[in-house]
1. Among the trypsin sites (Lys or Arg not before Pro) in the stretch 49-157, which ones are in a DSSP loop with at most 10 other Cβ atoms within 10 Å of the Cβ? Mind listing them?
2. Which far-off residues, 5 or more places away or on another chain, put their amide H under 5 Å from the one on Leu2, with H placed in the peptide plane?
3. State in Å² the accessible area per residue of the stretch 1-72; use a 1.4 Å probe, count heavy atoms of protein chains only, and round to the nearest integer.
4. Using the Cα atoms as the points, what is the convex hull volume per residue of the stretch 3-112 in Å³?
5. Computing the accessible area with a 1.4 Å probe over protein heavy atoms, can you report the carbon and sulfur percentage for the chain?
6. Could you calculate the FRET efficiency of Arg1 with Val145 from 1/(1 + (r/R0)^6), where r is the beta carbon distance between them and R0 is 35 Å, rounded to 0.05?
7. Please list, by residue number, everything in the stretch 98-112 whose backbone N is under 11 Å from a paramagnetic label point 7 Å out along Cα→Cβ of Ala124.
8. Which helices, counted as full DSSP H runs in the chain, have an axial Cα extent of no less than 30 Å and a Kyte-Doolittle average of 0.0 or above?
Amino acid sequence: RLSAATYRALIPIGTFHAIGHIAGTVGTAAGSVSFAQVVKAAGPVYACVLSAAVLKQAVSLRVWLSLAPIIAGVGLATLKELSFAWAALLGAVASDLALALRNVLSKQSMGALSTSDGDKLAPADMFGLLTCISAAVSVPAALLVEGRALPALWASAAAGYPA
């Protein structure tokens, strides 16, 4: 069992998990899948920048140099993309930022979160909880955006099955 304080601490992290998924889906839907995935390949860059800014962890020169090919490759692929769409770029970047924030905040809170018995929350348990929170955030958002289409889609899907 988890305390209310633990759940309160996990809600913002789970919300970033949801935003990362939703923004990635929007980015992929707005442009080509390959373009969104290439832009999302810059995720390690965001993770390093946010780790340095939020966690105050120094990032070594070797790590920054290892990120240079990623930055160059993403930049080159973005410039050469034939089906460039701003919505795809912004969705992929927002996804990267949200998921990097989720990772940084998870790391920051990992040692502080525990069960009501005082046991530390295991990484796999934390990820499972974040996924559940993400679903709880995503379902109302999906219903708000797509809810009007649901009855027709349900009827269409059910039409092929005998009662």
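The values are calculated or read from the model by the stated rules, or taken from the named source; none is laboratory data. What you are looking at is a predicted structure, and each value in this text was computed from that prediction instead of being measured. Virtual Cβ from ideal backbone geometry, glycine too; neighbours counted across all protein chains shown. Side chains included, ligands, DNA and RNA excluded: accessible areas come from the protein's heavy atoms. Shrake-Rupley method; radii C 1.70, N 1.55, O 1.52, S 1.80 Å.
1. On the way: sites: Lys56, Arg62, Lys80, Arg102, Lys107, Lys120, Arg148; in loops: Lys56, Lys80.
Here the sparse-neighbourhood loop sites are Lys56, Lys80.
2. Ser116
3. Details: 4060 Å² over 72 residues.
Using a 1.4 Å probe on heavy atoms only, each residue of the stretch 1-72 averages 56 Å².
4. Values: hull volume 10.0 nm³, N = 110.
Convex hull of Cα atoms, per residue: 91 Å³.
5. Details: 7150 of 10000 Å².
Answer for the chain is 71 percent, counting heavy atoms of protein chains only.
6. On the way: r = 34 Å, r/R0 = 0.97.
The computed FRET efficiency comes out at 0.55.
7. The answer is none, because no backbone nitrogen lies closer than 11 Å to the label point.
8. TM-like helix candidates: 4-30, 86-109, 123-146.
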